[in-house]
Amino acid sequence: MALLIYVLMFCISNSVNAVSIERDFINDAGSINVKFSGLTLDPNNKRYEWGFTQLKNDEVKKWYDLTQFDNNKANIIIDVLIPEMRNIVLKSDIGFVTIREKGGNNITEPIEVDLKIPLLRFTNRSVLNNGEKLNVDDKEVKVKLFDASANIEFQYEKVTDEIVINKYKEIKNNNSSIYDIEKIIKKELPVDNWKKWEIGGGWMFDIDPPAGGYPERKINVNGEGLYYLWIKAYKKNSKVGYGLILVDNLGANVPLEGISLSSSYDIKVGEEKRLNIEYTPTQASNREVTWKSEDESIATVDKEGRVKGIKTGSVKIVATSKEGNKTATTIVNVIDKDNVYVQNENKNNANTNTNANINKDTDKKINDVKKDNTTAKGRLPQTGESLIAVSAIFIIGLVMVVGIKIYNKNFKGI
């Protein structure tokens, strides 16, 4: 996620509107990793430091050494373990970062930073299984999140985005990283239908060793599928904090064995048509495919398999499954708008006189193209009878956060 800052700066070489910001969507323990680009720095001859304030015109009271930078980039960490930084994060949805030469003049004006994100990762798991019990003394808890005076509400929302579902299934089968799904999960917060969430088993916090309570001891969703569990926490003199937990109530994973397409499709110049793909078995869990046109000057295809005719001619369209790299092909014939045509979707390739295109002016047949029978088949290797559900809890915003940065990025031993 890149954020362009629009405040103009003058009299110094680093104008704020030329500086872009990239931030991790999720960070351990609530600390915010911010990457700046578009700067003008001299890493060989100069040292730099940075300050953090709640308001643009606030005086920087404490400067921190800038240790990660090159000619035009710098990386800082807004660490909520540092009281001066934590106080700003708890109160405000935005803050300002200023960079200067060590003990010298500012080289940037204050740069605005969004403090609402990242989500907070505070266990070494990525998703909770439906019906799982959460214990107050769960040793996996890594941060002090909310204190006992916080009001907490929640709601469930079923995940309908197939991209998110398929990416999670890859993670579940150890074929992907949790960082991949963190980039695509929903970020829009619910507005209504919040319910009060009673704290189960008391509420306690300890920083060393880290421990914490949960507002419910058992997670339950009614229907099968993958769910978002949204949490909202708020208290006096602090901003609202939001949490997001993925709840796994999916059925057993069904490996994909193959995909297939009709042998050919006929469309007119300028016309759009979605290609129908079949999966084997029909209940295969991962249905994510990518599409490619071998000649986009004749026809293009989008990520949903929707083809558009550009000019007359024939072109091969290839579909490739995300799981197992299975492929299927079809020929798309693009004809003039004035032509009368009969579409061939005969998967058995029977030779019939109806499978030909007739030009209404010349009565000349346009030969159909035979079906490509190279569809890949074959069962994928199983990952085991018991799938290990990788899990993580994500929190948007922070309310009384203190963290210890512990996270197993490759999910070994979970």
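Side notes on the structure shown:
- Cα gyration tensor shape for the stretch 217-263, rounded if a/c is under 1.5, else prolate or oblate: prolate
- If R0 is taken as 25 Å, the Cβ-Cβ distance between Thr40 and Thr67 corresponds to a FRET efficiency of 0.85.
We did not get these values from a lab; they are worked out from the coordinates using the rules stated. Just so we're clear, the structure is a prediction, and the values are computed from it rather than from any experiment. As a convention, Cβ positions derive from the backbone with ideal geometry for all residues, glycine included, and neighbour counts pool all protein chains shown.
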